[in-house]
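Undergrad: After the structure tokens below, expect a handful of questions from me.
What follows draws every value from the coordinates through simple rules; no lab data is involved. Quantities reported herein were computed from a predicted structural model and do not represent experimental measurements. Positions of Cβ are backbone-derived with ideal geometry, glycine not excepted, and every protein chain shown enters the neighbour counts.
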Amino acid sequence: MEPLDEFMYKYKGFHFIRDLSSPESIDALDSFEIRDDDVFIITYPKSGTIWTQNILSLIFHEGHRDGTENITLAERAPWLEYNTFHVDYRSRPSPRLFSSHLPYYLVPKGLQNGRAKIIYVFRNPKDVLVSAYHFAKIAPKIETPKDFDTFLERFLAGKGVCNLWLDHVEGWYAHKGDFSILFLSYEDMKKDLRSAVLKICSFLGKKLTQKELDDVVDKATFDNMKVDARANYTFMTPGIVDCSKGAFLRKGTVGDWKNMLTVAQNERFDRVFKERMEKLPFKFCWDIHEDSEPTFGSVEENV
Ligand code: PPS
């Protein structure tokens with residue numbers, strides 16, 4: 001283990017938050033027993049995790065859909081590597097839902113060639129950067145950014161939590177054959193939530209009635225999640241996310257980077273990221289008004 005700063009340590013090549021995990025807990029994941037009907041949401045931070053947690057919770061739990069249960073999403077689809085609520089994952093009833101920011105090489109070995117399913121959600125990295133910048137200001141467990149330019153350079157160098165965005169996305173995509181995995185883009189979810197929910201249902205072999213589908217889509221909109229205490233992170237202690245400093249569900253849109261990056265910063269971003277991004281098979285959407293065609297067609301799945 002290599003301490004990186006006051007907030008992070010590096011272990012097995014990956015940057016973890018100090019207070020929320022330990023090398024021993026990461027080692028234990030290697031042999032964590034996977035069940036056939038487990039479902040994992042995997043993301044680079046700020047790519048649509050809570051959104052997908054909500055969608056899966058709504059698909060799987062009737063009580064969530066009909067509003068009779070008051071269980072937070074962190075309990076519904078807890079973090080594999082950051083067990084902040086100290087849940088005994090082994091005794092949880094099936095089907096279990098999990099969330100994780102881990103790279104492909106650190107997830108439990110049982111996920112490889114297993115029947116458990118992974119939904120990998122990715123988002124255009126300029127919006128990821130901007131979302132992460134704002135999040136860092138309300139998350140006491142990670143370093144408060146000095147200024148946006150410094151934050152941008154750290155992001156481009158992969159020096160923050162979860163390392164380099166490119167490595168995360170490329171790694172998962174290159175090893176897609178090792179897992180049963182569905183790739184979804186945040187932007188496609190934003191442009192056509194209903195189609196995204198149907199895509200997820202089809203991947204998971206779940207059939208919803210029209211009414212159930214309507215409920216999932218309705219409860220998973222940004223506006224409804226923003227006022228849903230199970231989803232908007234007000235359930236977190238201020239020591240982990242301090243919602244008095246800003247909302248976790250901040251803008252929930254595509255293209256907010258245009259309000260933040262200067263022309264020079266945007267050019268710098270492109271210089272560092274463009275070449276590797278062009279080799280990725282995904283069609284990235286940088287503005288909510290562009291690309292009326294969904295990118296699902298170019299997204300692959302191994303079921
Ligand atoms: S984390 O901390 O990694 O778990 O964050 P994550 O949940 O992956 O990403 C947070 C961003 O997702 C946005 N979000 C949504 N956008 C659109 N619709 C819905 N329903 C939705 N739910 C969450 C959230 O607002 C964060 O993005 P920004 O750009 O900061 O608003």
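Undergrad: Under unit Cβ charges (Lys, Arg +1; Asp, Glu -1), what dipole magnitude, rounded to 20 debye, does the chain have relative to its Cα centre?
TA: It comes to approximately 80 debye.
Undergrad: Let me ask something else about it. Between D270 and H289, what is 0.36 nm times their sequence separation minus the Cα-Cα distance? Round to one decimal in nm.
TA: 4.8 nm
Undergrad: Share of Cα-Cα pairs in the chain beyond 37 Å, in percent?
TA: Taking all Cα-Cα pairs of the chain, the fraction more than 37 Å apart is 8 percent.
Undergrad: Determine ³J(HN,Hα), in whole Hz, for all residues of region 262-274 in sequence, where each value follows from phi through the Karplus function 6.51 cos²θ - 1.76 cosθ + 1.60 and θ = phi - 60°; x replaces Gly and Pro.
TA: 6, 4, 5, 5, 5, 5, 4, 4, 4, 4, 7, 9, 4
Undergrad: Continuing with the same structure: Under a 5 Å amide H to amide H cut-off, with H placed in plane at 1.01 Å, what residues pair with M8 once short-range neighbours are removed?
TA: For M8, whose amide H was placed from the backbone, the distant partners under 5 Å are R18.
Undergrad: Starting at the first residue of region 193-203, write each ³J(HN,Hα) from the Karplus equation 6.51 cos²θ - 1.76 cosθ + 1.60 with θ = phi - 60°, in whole Hz, x for Gly and Pro.
TA: Per-residue couplings from phi come out as 4, 4, 4, 5, 5, 4, 4, 5, 4, 5, 4 Hz.
Undergrad: How high is the FRET efficiency from D192 to N224, r the C-beta distance, R0 22 Å, rounded to 0.05?
TA: With a Förster radius of 22 Å, E is 0.85.
Undergrad: Next up: Between S94 and D214, what is 0.36 nm times their sequence separation minus the Cα-Cα distance? Round to one decimal in nm.
TA: Contour length minus Cα-Cα distance gives 40.7 nm.
Undergrad: Compute a Gaussian network model of the chain, connecting alpha carbons closer than 10 Å, and tell me which residue from Q112, Q265, Q53 fluctuates the most.
TA: Q265
Undergrad: By per-residue mean of other Cβ atoms within 10 Å, what is the highest-first order of 240-251, 31-42?
TA: Ranked from most to least packed, the peptides come out as 31-42, 240-251.
Undergrad: Separate question: Can you run the Rg to Rh ratio on region 169-225? Use alpha carbon positions and the Kirkwood inverse-distance Rh.
TA: Rg/Rh: 1.05.
Undergrad: Let me ask something else about it. Could you work out Rg/(2.2 N^0.38 Å) for region 1-153, with Rg from alpha carbons only?
TA: Relative to the rule-of-thumb radius for its length, region 1-153 sits at 1.09.
Undergrad: For region 79-225, what are Rg and Dmax over the alpha carbons, in angstrom?
TA: When restricted to Cα atoms, region 79-225 yields Rg and Dmax of 17.2, 49 Å.
Undergrad: Let me ask something additional. 7 Å from Cα along Cα→Cβ at both V263 and K207: what's the point-to-point distance in nm?
TA: Placing both labels 7 Å along Cα→Cβ, they lie 5.7 nm apart.
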